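The values are calculated or read from the model by the stated rules, or taken from the named source; none is laboratory data. It should be emphasised that the depicted structure is a prediction, and the values quoted were computed from it without experimental measurement. For neighbour counting, all protein chains shown are included, and Cβ atoms are generated from backbone atoms with ideal geometry for every residue, glycine included.
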Amino acid sequence: MHCNKYRGFTLVEVLIALAILAIALAATMRATSMATVTAQTVKMKTYATWVAENRLAEMTALQIFPSVGMQNGETMMAGIAYKWTQTTNETPNKDFRKVEMAVSLPNETQKVSVLVSYVARSSGSK
């Protein structure tokens, strides 16, 4: 019976273990990176939706019955500049207007958020 008093891993076993570890770490880094990008995208979309909601809430609070047409503007939200486009259309009922608020980042054409609402004419409409 052959007895070896030195026990341990061979160089090949160590290299295989290191290769498996490297692959696992690379996969973990990729998953972490994708999660970070996703979180950033969700944050931008949430803020853009708040910009649209704030514009519509302002119209309601000030009892503004918007004119038909387009308006553009910029709003800061959480330190980020967003541009918005408000498109107002008539509806079959003359006391309502369809308002579409499209929000994007200043140097981009892709809309981050779009919110459609209907605004009613109130007795104190301006």
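Of the residues making up segment 107-126, those that are under 26 Å from residue 74 (Cβ atoms) and modelled with pLDDT of 85 or more are 110, 111, 112, 113, 114, 115, 116, 117, 118, 119.
The set of residues in segment 77-110 that are among the charged types (D, E, K, R) and surrounded by 15 or more Cβ atoms within 10 Å (Cβ to Cβ) comprises 83, 97, 98, 100. When residues in segment 37-61 are screened for being farther than 18 Å from residue 104 by Cα and surrounded by 11 or more Cβ atoms within 10 Å (Cβ to Cβ), 3 of them pass.
Residues in segment 103-122 that are under 15 Å from the mean Cα position of the chain (by Cα) and closer than 21 Å to residue 38 by Cα: 103, 104, 105, 106, 108, 109, 110, 111, 112, 113, 114. Out of all the residues in segment 64-72, is one or more assigned to a helix (DSSP H, G or I) and of a type in the set (Val, Ile, Thr)? So far as segment 64-72 goes, no, none of its residues is assigned to a helix (DSSP H, G or I) and of a type in the set (Val, Ile, Thr). Considering only residues that are closer than 12 Å to residue 106 by Cβ and touching a residue at least 24 places away in the same chain (Cβ under 8 Å), look in segment 62-76 and name the one that is surrounded by the fewest Cβ atoms within 10 Å (Cβ to Cβ). It comes out as 74. Would you check if there is a residue in segment 35-49 being small (Gly, Ala, Ser), at pLDDT below 95, over 30 Å from residue 95 (Cα atoms) and part of a helix (DSSP H, G or I)? Scanning segment 35-49, I find at least one residue that is small (Gly, Ala, Ser), at pLDDT below 95, over 30 Å from residue 95 (Cα atoms) and part of a helix (DSSP H, G or I), so the answer is yes.
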